Amino acid sequence: MTEITAPKSSLTSGEFTDEIREQLKYTQGVTPEQATAADVYVATAAAVRRHLVDSWMKTQHDMVNGDTKAVGYLSAEFLMGKQLENALLNAGLTEQFEGAMKELGFDTKDVIDAEYEPGLGNGGLGRLAACYIDSLASIGVPAFGYGIRYQYGIFKQEFDENGKQIETPDYWLVNEEPWGHVDYNRDQRVNFGGEVVEENGKRVWKPAWAVRAVPCDYMVPGYKSGRVNTLRLWTAKSYDEFDLLTFNKSDYLDAVIPKVEAENISKILYPEDSTPQGKKLRLEQQYFFVSASIHDAIRVFYPGEKNPDLTTLPNKIVFQLNDTHPVIGIPELMRVLIDEYGYDWDTAWSITNKTFNYTCHTLLPEALEVWPASLIGELLPRHLEIIKKINEQFMAELKAKGVADDQIERMRIYTDGKDASVRMAYLATYGGSYVNGVAELHSELLKDVTLKDFSSVYPDKFTNVTNGVTPRRFIKLANPRMSDLITEGLGTDAWLSDLEQLKGLIPLADDPEFVKKFAAVKQANKNDFAAFAKRKYGFDIDPNTMFNTMIKRLHEYKRQALKILAVIATYADIKSGKVDPDTLVPRTVFFGAKAAPGYYLAKQTIQLINNVARVINNDPATKGKLHVYFPWNYNIELAQNLIPATDLDEQISQAGKEASGTGNMKFALNGALTVGTLDGANVEIRERVGAENFFLFGMTEPEVSALYAKGYDTKGLSREYYEKDPQLKQAIDMVADGTFSDGDKDTYKDLVNDWLNKDYFMTLADFRAYMDIQAEIEETYRDPMKWARMAVLNVANSGYFSSDRSIEDYLERIWHTGALK
Ligand code: 7GP
């Protein structure tokens, strides 16, 4: 094998053009004259893949033959975003692409835009997985991302004429998808159902049905590392295309039922985020991809071996469980080792224990998956037996350690009785080596609250890895102007693979020339966004206002309600003449958020925001002073456009509820200032950028706990805040009295009822503090140089939040491996 080098930047534009021409001709069958931007996109993608193949093969060869352990990142979601620009950047082909497009007479933007964004994830967890596989490849750690190639990703969001969210299916495979290679020759059989019988003193699973798992491989090029990893997403296929007997007896539809049922498994992504589903199909999805991936890893690392020595498995690969969704992998590996390879229980347990680790991404107890034992028994009877045995062993172990009986009872993985169930987070914690939270505060709360019983017995299992984001996509691609300015300021672009180098910008915060340039970059980004929003949504946005953004999933704990109530309060003050609009900093407020289709209060909040926007944007009283826009279908593309244009971002979750957040990192790294609570990674961002460069407000986590203890949500204490605060009262009254529903008082009654009687996430309790911090924000914004200086310091001090650093932490604290030599 040849020596590994950074991708050939020696490829000339001319050569790259020729490759694209070849692809157009031989795979697309069109001449460059006939070609559309969509054709050129497909041909360019194929040319990029071709260019990466050697490094991809070399990486796989080195992975299998070297002594560096690989990482298997098991995740039900990979929210990748569009691929072309990123692949070009990481492959070192950006300039060649620009040259080729010139030569072929195409606009680079049109070609990049021709790609359909795959939405194979819901939010933070899925996007984090995508950032992590970028960083793994960029650092040169051999890795597989393992997941599902859903035919339908997260739904497309539209708003109807009443401002309600409408979900339409996202069939992202409408056109040719040039990145994935379907490898029918590396398929796996995944069994389901049936029963377990005793044969020659052994438990033998007799499954009732099986699906064929076919991998689709995506190359994951590292940035300047010369390494290319694999994202392997599985598709479910039927072994029986067609039942001829049934067809002859009855009709076509009945004859394809088995096919439809099998293929349903990878049909659609569950659109839930931070909420459990508890659906049979969901468990089928989980087992489907995890079983296929485990067998695939054994195939890869023990090629052609009939009797592999699987006691070496933990030296070959370490599986990271991305939340509880892949946790069925623990009993699956036990089953594979015992039933398929003949290992005894203890050996199998020791291998399994060393091979898995678990990352938790939530603080909401209801989001920790619990499966009915009956369902597991029905779909995976052998696994249920194994889980019960793991539970018995666990309880005996706890007893031997002298753990009190009531604590042991609380810690059960398998709960007996009528509603017997399996707690996947507990199974993951016991079954793997390490458990980590995703920000310091989150990891502390996991240890001290959510998994307290476990951390008291197994303190060494618990660790933290604070999330990160890839600077390639979220700085370099999203914000090319700022990237150029950073490179100019630092005199090198090496910061893109060593983000702590941004610290070199600190002295430039005191250089008025640099700060001015920085402010000019932000203004240009705002102008760009206004043009983008006009094109895409028809919005008329004034780029000379403060851009104030809240983009994330719609969830009560994230408190979009707090933001919209504050907007309403300001609007009311303008209307009543209490505030002279000319004294306000002109502001444009942006929301972007999808609500889970069955999440009623979240959907009401969306409707409210849309109608507040409608009323305010049409009211001459606030013209030029306050506007609200809600671009629909928030996705990665919108994030890449809006984040670099934002002045102020909102991270206002109730303290103790947001595990980390990653949007907060993207904003800080793009020179937005944050208004936020002491929650998730906000805590660490503020620590790094400096308290004076962060707008902090609201209760802390201990204050929140104390207020719960007083009965905030159970005794209806929120009403006291409403009665006490005239501004809050007025805002809520306006929602109730029909101001945003054409006079109809019923439209938002459930939302209002919840605020006044429960308000579990304490929106009302934090309202005053949130309004008060606005004065400070406005005063700061009135001094553009001061604001820009603070923004520079946010960028300069946020290098820690690179996903490269997160991966380094995983390597050191959990995976105990490193880059390929
Ligand atoms: C999210 C967390 O809500 C967010 O705080 C965190 O930054 C992100 O994961 C990445 O760690 N969680 C999810 O997206 C999710 O679906 C399932 O959690 C329990």
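For the listed peptides 83-93, 514-524, a ranking on the average number of other beta carbons within 10 Å per residue, highest first, reads 83-93, 514-524.
According to the Cα-based calculation, Rg over Rh for the chain is 0.97, with Rh computed by the Kirkwood formula.
Sites listed here are trypsin sites (Lys or Arg not before Pro) in the stretch 543-613 whose DSSP assignment is loop and whose Cβ has at most 13 other Cβ atoms within 10 Å: K578.
Candidate membrane-span-like segments in the chain, meaning DSSP H helices with Cα atoms spread over at least 30 Å of their own axis and a Kyte-Doolittle mean of -1.0 or above, are 37-65, 280-301, 512-537, with no membrane implied.
Of M395, F591, T545, which is farthest along the charge dipole of the chain in the positive direction, counting Lys and Arg as +1 and Asp and Glu as -1 at C-beta? So the residue furthest toward the plus end is M395.
Listed by chain and number, the lysines whose C-alpha is less than 27 Å from the C-alpha of K306, apart from same-chain residues fewer than 8 away, are K58, K69, K202, K206, K237, K316, K354. Only the Cβ atoms of Lys and Arg (+1) and of Asp and Glu (-1) were treated as charged; on that basis the dipole of the stretch 478-800 about its Cα centre amounts to roughly 640 debye.
The H on the amide N of S802, modeled in the peptide plane, is under 5 Å from the matching H of V469, each at least 5 residues off or on a different chain. Under the convention that each Lys and Arg Cβ holds +1 and each Asp and Glu Cβ holds -1, the size of the dipole of the chain around its Cα centre is about 380 debye.
Taking a point 7 Å from the Cα of L364 along the Cα-to-Cβ direction, the residues of the stretch 574-602 with backbone N closer than 16 Å to it are 593-602. Calculated mean residue ellipticity at 222 nm for the chain: -13500 deg cm²/dmol, from DSSP H runs with n ≥ 4 weighted as -39500 (n - 2.57), summed, divided by the residue count and rounded to 500.
Taking the fewest neighbouring Cβ atoms within 10 Å as the starting point, the ordered list for D323, D737, D540 is D540, D737, D323. Over 20 Å apart at the Cα level, from the set K563/K625; K603/K724; K82/K156; K452/K715; K156/K603; K476/K526, are K603/K724; K452/K715.
Rule-based calculations on the coordinates, nothing more; no lab input. A quick note: this is a predicted structure, and the numbers were derived from the prediction, not measured. Using ideal geometry, Cβ is built from the backbone for each residue, glycine included, and neighbour counts are taken over all protein chains shown.
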